[in-house]
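**Q** After the structure tokens below, expect a handful of questions from me.
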Amino acid sequence: MKFTIIVNNAPYLSQSSDTACKFAQALLEQGHELVQVFFYFDGVLNALDNSEPPQDDRDVIENWSKLAEENELDLIICSSAALRRGVSDKLAVGFKSDSLGRFSKAVTLSDRVISFGT
Amino acid sequence: MEQKTCLFINRRSPYGSTHASEALDMAFALSAFEHRVSLIFMDDGVLQLMRDQQTETIGMKNMSPSFKAWEDYEIQHLYVEQASLETRGMQASDLLLDVEIIDSQQLAKVIQSHQFIFNN
Amino acid sequence: MPTLHIINTSPNMRTALQSCLRVMHEDDGIIFIEDAVISVKKDTPIAELIKEKILTGKCFFLKPDLEARGIKEESMTQGIKLVDYNGFVKLTIEFYRTQTWS
């Protein structure tokens with residue numbers, strides 16, 4: 001089965017990004033395909049590359065980067081939402097900025113589109 | 001290219017957060033890229049369609065002209081939940097567009113007729 | 001073609017659950033995740049609200065979120081179903097579409 005996941009909330013203030021990442025990991029372990037993880041609204045803040053959480057906390061952004069590296073995932077942040085929030089050139093590992101058109105293509109290819117947050 | 005049926009369920013008031021305007025951006029984009037998109041307004045989302053919105057003083061972009069362009073973006077249907085209007089002391093004449101006002105059971109059927117649901 | 005409704009906010013703080021119940025079809029399921037898992041507690045107004053849905057066997061709760069919040073099994077309403085992240089993924093496949101409510 002082919003999935004697209006949407007992450008709508010920023011990391012840390014909300015649990016949504018953590019849940020989405022665990023959900024993504026579970027579906028990949030079950031052998032499903034993750035067409036795209038699309039970050040929208042404040043979700044684009046998941047791509048910030050200079051985040052340094054305290055050592056006794058989880059690193060939400062690094063969790064995404066690792067998952068992307070291990071599974072060659074497409075982590076796409078919405079370029080217009082990112083521009084508005086000052087998230088531009090330097091993105092965390094695995095993230096790319098692209099248009100809603102790129103997201104629309106993922107929707108086309110997917111059997112399920114699951115939203116986390118807002 | 002396979003078209004999908006996409007339904008946006010808008011439950012938030014405009015201006016207090018960016019949900020309403022960025023959700024509309026996404027809905028219009030999916031429609032422009034050939035998906036079949038409809039919008040439902042329920043809960044405080046019905047306020048997005050209120051007449052006479054004047055946003056100059058709060059310094060934010062008025063969303064009303066965007067909604068009026070819905071046909072240009074080939075949005076399929078605009079639905080408003082009757083119960084949400086009633087709860088807020090509103091009626092059809094308070095809205096800036098002609099929309100399809102439906103009850104909660106009809107809304108359940110609309111949800112069932114779409115593949116993908118987007119919540120905002 | 002039933003829907004899986006995903007609720008992620010507490011019904012004591014937000015109206016997501018109430019709105020979901022108003023427009024959901026009888027064959028639909030609900031999964032409570034994150035702050036919504038407080039809905040699991042028995043003998044509460046929320047338990048009363050979802051009583052009928054529980055009887056259909058289609059009320060699911062994300063176990064890691066219950067455990068994180070220290071909610072014990074003996075305080076939960078009977079008839080609810082607990083799932084882990086794998087079970088959550090399987091539910092999104094069993095049901096035809098998902099709808100998230102915040």
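The values are calculated or read from the model by the stated rules, or taken from the named source; none is laboratory data. Just so you know, these numbers come straight off a predicted model, no measurement behind them. Because the Cβ atoms are built from the backbone with ideal geometry, glycine has one as well, and the counts that use them run over all protein chains shown. These area figures cover heavy atoms from the full protein model, side chains too; ligands, DNA and RNA do not enter into them. Shrake-Rupley method; radii C 1.70, N 1.55, O 1.52, S 1.80 Å.
**Q** Restricting to bridges with both residues inside chain A, how much of the DSSP beta-bridge set is antiparallel, in percent to the nearest 5?
**A** Values: 1 of 19 bridges.
The antiparallel fraction comes to roughly 5 percent.
**Q** So, one more: Determine the per residue accessible area of the stretch A:9-118 with all protein chains present and a 1.4 angstrom probe, expressed in square angstrom.
**A** Per-residue accessible area for the stretch A:9-118 comes out at 45 Å².
**Q** Quick check on chain C: helices-only [θ] at 222 nm, where DSSP H runs of length 4 and up contribute -39,500 (n - 2.57) each and the sum goes over total residues. Nearest 500, please.
**A** Calculated mean residue ellipticity at 222 nm is -8000 deg cm²/dmol.
**Q** Relative to the Cα centre, what is the charge dipole magnitude of chain B, using +1 at the beta carbon of each Lys and Arg, -1 at the beta carbon of each Asp and Glu, and rounding to the nearest 20 debye?
**A** For chain B, the charge dipole is close to 200 debye.
**Q** Another question about this same structure. Determine the shape class of chain C: with a ≥ b ≥ c the square roots of the Cα gyration tensor eigenvalues, call it rounded for a/c under 1.5, and otherwise prolate if a/b is greater than b/c, oblate otherwise.
**A** rounded
**Q** Another one. Around residue C:19, what is the net charge, scoring Lys/Arg as +1 and Asp/Glu as -1 over all other residues with Cβ under 11 Å from its Cβ?
**A** 0
**Q** In a Debye calculation with equal point scatterers on the alpha-carbon sites of chain B and no solvent, what is log10 I(q)/I(0) at q = 0.09, 0.18 Å⁻¹?
**A** -0.22, -0.92
**Q** While we're on this one: Filter the trypsin sites (Lys or Arg not before Pro) in the stretch A:1-63 down to the DSSP loop ones having no more than 14 other Cβ atoms within 10 Å, then list what survives. The partial results should precede the final answer.
**A** On the way: sites: A:2, A:22, A:58; in loops: A:58.
For trypsin sites (Lys or Arg not before Pro) across the stretch A:1-63 that sit outside H, G, I, E and B with at most 14 neighbouring Cβ atoms in 10 Å, the list reads A:58.
**Q** Test of the criteria: in the stretch B:53-120, which GluC sites (Glu not before Pro) are in a DSSP loop and have at most 13 other Cβ atoms within 10 angstrom of their Cβ?
**A** Here the GluC sites (Glu not before Pro) that fit, given the DSSP loop and packing criteria, are B:56, B:71, B:74.
**Q** While we're looking at this one, here's another question. Relative contact order, percent, of chain C when contacts are C-alpha pairs under 8 Å separated by at least 6 residues?
**A** Once divided by the residue count of chain C, the mean separation gives 40 percent.
**Q** What 222 nm value per residue comes from the helices of chain A, counting each DSSP H run with n ≥ 4 as -39,500 (n - 2.57) and dividing by all residues, nearest 500 deg cm²/dmol?
**A** Here the helix-only value at 222 nm equals -10500 deg cm²/dmol.
**Q** Write down the percent of antiparallel bridges among all DSSP beta bridges whose residues are both part of the protein assembly as shown, to the nearest 5.
**A** Taking every DSSP beta bridge within the protein assembly as shown, about 5 percent pair in antiparallel fashion.
**Q** For the stretch B:1-24 and the stretch B:42-120, compute the distance between their C-alpha centroids and round to whole Å.
**A** 10
**Q** Quick one: which residues, 5 or more positions from residue C:6 or on another chain, have an amide H under 5 Å from its amide H? H modelled 1.01 Å from N in the peptide plane, none for Pro or chain starts.
**A** When sequence neighbours closer than 5 places are left aside, the close amide H contacts are C:31, C:99, C:100, C:101.
**Q** Out of the total accessible area of the protein assembly as shown (probe 1.4 Å, heavy atoms of protein only), what percent is carbon and sulfur?
**A** 47
**Q** What is the diffusion coefficient of chain A in µm²/s, taking the Kirkwood radius over Cα pairs and the Stokes-Einstein relation at 20 °C with a viscosity of 1.002 mPa s?
**A** Estimated diffusion coefficient is 153 µm²/s.
**Q** Just to be sure I follow the definition: excluding the sites themselves, where is the longest run in chain C that has none of the trypsin sites (Lys or Arg not before Pro) in a DSSP loop with at most 15 other Cβ atoms within 10 Å?
**A** Value returned for the longest uninterrupted segment is C:1-41.
**Q** Sum -39500 (n - 2.57) across every DSSP H segment of at least 4 residues in chain B, then divide by the residue count to get the 222 nm mean residue ellipticity, nearest 500. Walk me through the intermediate numbers first.
**A** Details: 4 runs with 34 residues, N = 120.
Calculated at 222 nm, the ellipticity per residue is -8000 deg cm²/dmol.
**Q** Which whole-angstrom value gives the distance between the alpha carbon centres of the stretch A:1-74 and the stretch C:34-74?
**A** 26
**Q** Continuing with the same structure: With a Cα-only, solvent-free Debye model of the protein assembly as shown, what are the log10 I(q)/I(0) values at q = 0.06 Å⁻¹?
**A** For the protein assembly as shown at q = 0.06 Å⁻¹, log10 I(q)/I(0) is -0.20.
**Q** On to the next question. Could you give the accessible area per residue of the stretch C:3-101, probe 1.4 Å, as a whole number in Å²?
**A** With the other protein chains kept in place, the stretch C:3-101 gives 45 Å² per residue.
**Q** Quick one: dipole size for the protein assembly as shown, taken about the Cα centre, charges +1 on Lys/Arg Cβ and -1 on Asp/Glu Cβ, in debye to the nearest 20.
**A** Here the protein assembly as shown has a charge dipole of around 360 debye.
**Q** For the stretch C:1-97, state which GluC sites (Glu not before Pro) are in a DSSP loop and have at most 13 other beta carbons lying within 10 Å of their beta carbon.
**A** Answer by residue number: C:26.
**Q** On a 31 Å Cα-Cα criterion, which of the cross-link pairs A:22/C:53; A:96/C:53; C:53/C:90; A:105/B:68; A:22/C:51; C:51/C:90 come out too long?
**A** Table pairs above 31 Å Cα-Cα are A:96/C:53.
**Q** If you don't mind, another one. Counting DSSP beta bridges with both partners in the stretch B:5-119, what percentage is antiparallel, nearest 5?
**A** Here the antiparallel bridges make up roughly 5 percent for the stretch B:5-119.
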